[in-house]
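One structure is given here, and the rest of the page talks about it.
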Amino acid sequence: MERLFQTHYIRNQECLDGMWEFQTTDSFELPKNYQDTMAVPSCWEMSVRYCTYNGCAAYRKRVYVSKDGNLRFVFKGVSHTCKVFLDGNELGGHYSAFSAFSVIAPNVSKGFHQLEVLVDNAYSEQSRLHIINDYFTYGGITRPVFMESVPDCLVERSEFEPHMENGIWSADVRVVLKNLTETDRFCQVTTVCAGTEMTLEGMVEQKGQTMLCGTMKFDGIRPWNPESPALYELKHTLLLDGEEADDLVDRVGFRIIQVAGKKLLINGTPVFIRGVNRHEDHGSTGCAIPLQVMYSDIALIKELRANGVRTCHYQNDERFLDLCDENGILVWEESHDRGGNVERLLHPLFLGQSMTSMHEMLEYHYNHPSIVMWGCLNEAASDTEEGREIFKIHLDYLATDKSRPHTFASNRHTNDICLDMVDICSFNMYPLWYNDDTTEESMVRVKNRIRETGNDQKPLIISEYGAGGIYNFHDVMRVRWSEEYQADVMECVTKELLADEDVMGVFIWQFCDVRVKWGARNHMSRPKSRNNKGLVDEYRRPKMAYYAVQKIFRGNAEQ
Ligand code: ADA
C-alpha cells in the first residue's frame, strides 16, 4: 500500500515490492550480471552480507505491461542517490532518501520489460544532505515502489486548504495536472469531497504542468482536531475528451492552524504539544520500517500520552503521516538536513539539494491535517550573516504555505539572528546532560535572546531536550548512561518545561535509540554506535525514562 487508503480507482497501480535481483557495483553503472537478490523495500545493511557496505549497487526486476501506453514508476524512498532505467534506457533519477519521486516511461509496449535501479549511499562532496551524521544513512530501495499505467495527461498532485468563516467551512482546492505529450490538451477535473462536487477545466501545455484552482463550500463537516481527527476522502477525476481517464484520491481534515500571541490554535482552541522526536530507524529493519512497526510506534507514542511528533530531520514515510492523521497526532514535519555549518550551507550543491527536498515535502505532504507546522535546517548556522541568507530562502519558501506556521530548531541560544523570520521560536537544549546547566539556566539564555531580538511575543517550543540511557544498564549511584539517570533528567526537565508558561510545546529527544554514522569523532559519546537518548531502545523496549515521562504527560493531558 502506498498510503493507508486506496489512492486510485481509475489509474491502474501495481506494487512492485518483493525480491529483486541485486548486485553491488564498483561504479555508478548498470552491471552485466546480477548474482544476488534483495528485498524491496529494505536496507541492504540489515543483510549480514552487506552490513558494512557503503557504495553503489543495482536492482533489477522483470515487469509485465498488460497494454501499450505510458508507465509511471513511483519510488517512495531510495537511499540516497539513484537512477532508474527501463530496458537499459535512463528514465530519471533522484537525490535524498526521504522524499518520494516518480519517473515516466512513455509509449511502452505490451509485454515483459526490465526495470533497473542504480543506488549509491556513499558519502561524498556530491551529497550535501546525506553526510556523516548523528543518524545512519542506510543503502537501498528503502520504501515501497509502484508501477502505474497513465494516460497522456494525469493528476500529479493537489492542495486542499480549508477555511472557516461565519461557521461555514470552505476550501481552496488546487489540482496540478501533467501533460506528457507534445501538444496542449484541454482537461477537466471533477473534485468530490464531503458530498460537495466541483469541476475545473483548462488547457495543460505540452510537456508541462498546470494548476487548476477553485473553491468549494461544505456543510455538515466534522472538524479535525487531536481529540476527534475526522478525515474525508478527496477525489479528483480527470476527463479527457469527456471520458474519465485518470484520478487521484487523497484524504483531508478540516482544521485551521493559527498562531495567536504565544499560543498555537487548532480551530481556535490553544494546544500544548507534548511531543517526541522520532527518527525512522529500527534495530531489525534500519530505516525501512514496515507499517506494523509504524503502527506500534504510534501506539507507544499515544500510551506515553504524547500528542506530537517531530520528524527529525527529514520528511517521513507517508504511511506514518497517515497514521498521525488518523490518530490526531500533531506533526512538525522537517525537510532533510541536520547541522549545517556555514561551510556546508554555502557549498555549491547544498541550496539546490535542500530546496528540492523542501519542495518535495511541501508539495506532496500538503494535505496531511496532522502536519501543523513546517521546519527546516536543524541546528544550522543561524548565527551568521551568510547563514541568514540561506535561512531566508528556506523560510520564505515555507511562508508561502499560509495555512501553517513555520519554524526551525536553533542551538544558537545567545546569538541567533534568524528568529525574526519564523512564526514560532524553537530551541534545542540539553540541561543536565552535555553539561551541568540546569533547565532554568538554559531557559534564561534562550528567553534573553528571544527578548533581545524582539521575538518574545511568538510561541516558544523546546524542540529537543534529553539524556542518554543504555537499555537495561541500572546503577544504584544513578550515574550518567544508567536508565536511572536518564529517568531523573527526563522527570526533572519535563516537569520544569511543562510548568513554564512561556513554553507552548516540547519535543523530547528522542522517541527511540538510533544507529549513528559518526566516526571516531563521536564514538566516545555514542556507545553501541547509537544515539542512546531514546525513551525506548532500538527494538522499542521502554526504558525507565518512558514511564517517568508518561506520568508527567498524563498529568498534563488531564489538566
Ligand atoms: C542535536 C541534534 C540531534 C541530536 C542531538 C543529540 O540537538 O539536533 O540530531 O544529535 O543533538 O543527541 O545530541
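Solvent-accessible area per residue in region 12-150 equals 39 Å², computed with a 1.4 angstrom probe and all protein chains kept. Relative to one another, the C-alpha centroids of region 238-269 and region 34-91 are positioned 33 Å apart. In terms of the mean number of neighbouring beta-carbon atoms within 10 Å, the peptides 483-493, 158-168 order highest first as 483-493, 158-168. By accessible area, using a 1.4 Å probe on protein heavy atoms only, the chain has 49% of its surface on carbon and sulfur. The accessible-area ordering, largest first, of the residues Lys263, Lys83 stands as Lys263, Lys83, per a 1.4 angstrom probe. Excluding ligands, DNA and RNA, the accessible surface per residue across region 153-252 is 45 Å² with a 1.4 Å probe. Database remark: amide H of Gly92 closer than 5 angstrom to the amide H of Val84 (H placed geometrically; neighbours at sequence offset of 5 or more, or on other chains; Pro and chain starts carry no H).
Which whole-number percentage describes the relative contact order of the chain, with Cα contacts under 8 Å and a sequence gap of 6 or more? Once divided by the residue count of the chain, the mean separation gives 12 percent. Between the residues Ser410, Cys15, Ala499, the greatest Cα displacement towards the positive end of the dipole of the chain, with unit charges on the Cβ of Lys, Arg, Asp and Glu, is found for Ala499. Among beta bridges identified by DSSP and lying wholly in the chain, the antiparallel ones come to about 80 percent. Annotation: amide H-H contacts under 5 Å for Leu432 (H modelled 1.01 Å from N, sequence separation of 5 or more, or interchain): Asp437. Here the Kirkwood formula, the inverse mean of 1/r across different C-alpha pairs, assigns region 257-557 a hydrodynamic radius of 19.3 Å. Taking all Cα pairs closer than 8 Å and separated by 6 or more residues, the relative contact order of region 92-177 comes to 18 percent.
Annotation: amide H of Asp475 within the under-5 Å range of Glu483, Glu484, sequence separation 5 or more or interchain, hydrogens built in the peptide plane. With helices as the sole contributors, the chain gives -5500 deg cm²/dmol at 222 nm; each DSSP H run of n ≥ 4 counts as -39500 (n - 2.57), and the sum is divided by every residue. A simple rule links phi to the HN-Hα coupling: the Karplus curve 6.51 cos²θ - 1.76 cosθ + 1.60 with θ = phi - 60°, which for region 433-439 gives 10, 6, 8, 9, 3, 8, 4 Hz, with x for Gly and Pro. Output the 0 to 90 degree angle, nearest 10, between the alpha-carbon long axis of helix 291-303 and the longest principal axis computed from the alpha carbons of the chain. The answer is roughly 30 degrees. Just to verify a number: FRET efficiency for Arg478 and Ile256, C-beta to C-beta distance, R0 = 45 Å, to 0.05? For Arg478 and Ile256, the calculated efficiency is 0.45.
Taking each residue as 0.36 nm, the span from Arg445 to Tyr34 lengthens on full extension beyond its C-alpha to C-alpha distance by 142.2 nm. The distance from the alpha carbon centre of region 350-382 to that of region 205-229 is 20 Å, rounded to a whole number.
Principal axis extents of the C-alpha atoms in the chain (largest first, rounded to whole Å): 70, 64, 43. Considering only Cα atoms, the convex hull volume of region 411-462 works out to 67 Å³ per residue. In this structure region 257-557 gives 34 Å² per residue of accessible area when probed at 1.4 Å with all protein chains present. Of the listed residues Leu291, Leu239, the order by accessible area with a 1.4 Å probe, largest first, is Leu291, Leu239. Ranked by the mean number of other Cβ atoms within 10 Å of their residues, highest first, the peptides 545-552, 312-319, 448-455 come out as 312-319, 545-552, 448-455. Taking the average, over residues, of other Cβ atoms within 10 Å as the packing measure, peptides 501-510, 68-77, 375-384 rank 375-384, 501-510, 68-77 from highest down.
In region 12-150, the C-alpha radius of gyration followed by the widest Cα-Cα span (Dmax) gives 14.6, 47 angstrom.
Taking region 153-252, how much of its Cα-Cα pair set, in percent, is spaced more than 16 angstrom apart? For region 153-252, the fraction of Cα-Cα distances above 16 Å is 56 percent.
The values are calculated or read from the model by the stated rules, or taken from the named source; none is laboratory data. What you are looking at is a predicted structure, and each value in this text was computed from that prediction instead of being measured. Cβ coordinates were reconstructed from backbone atoms using ideal geometry, including for glycine residues, and neighbour counts include every protein chain displayed. Remember, those area values only see protein heavy atoms, side chains included, never the ligands or the DNA or RNA. Shrake-Rupley method; radii C 1.70, N 1.55, O 1.52, S 1.80 Å.
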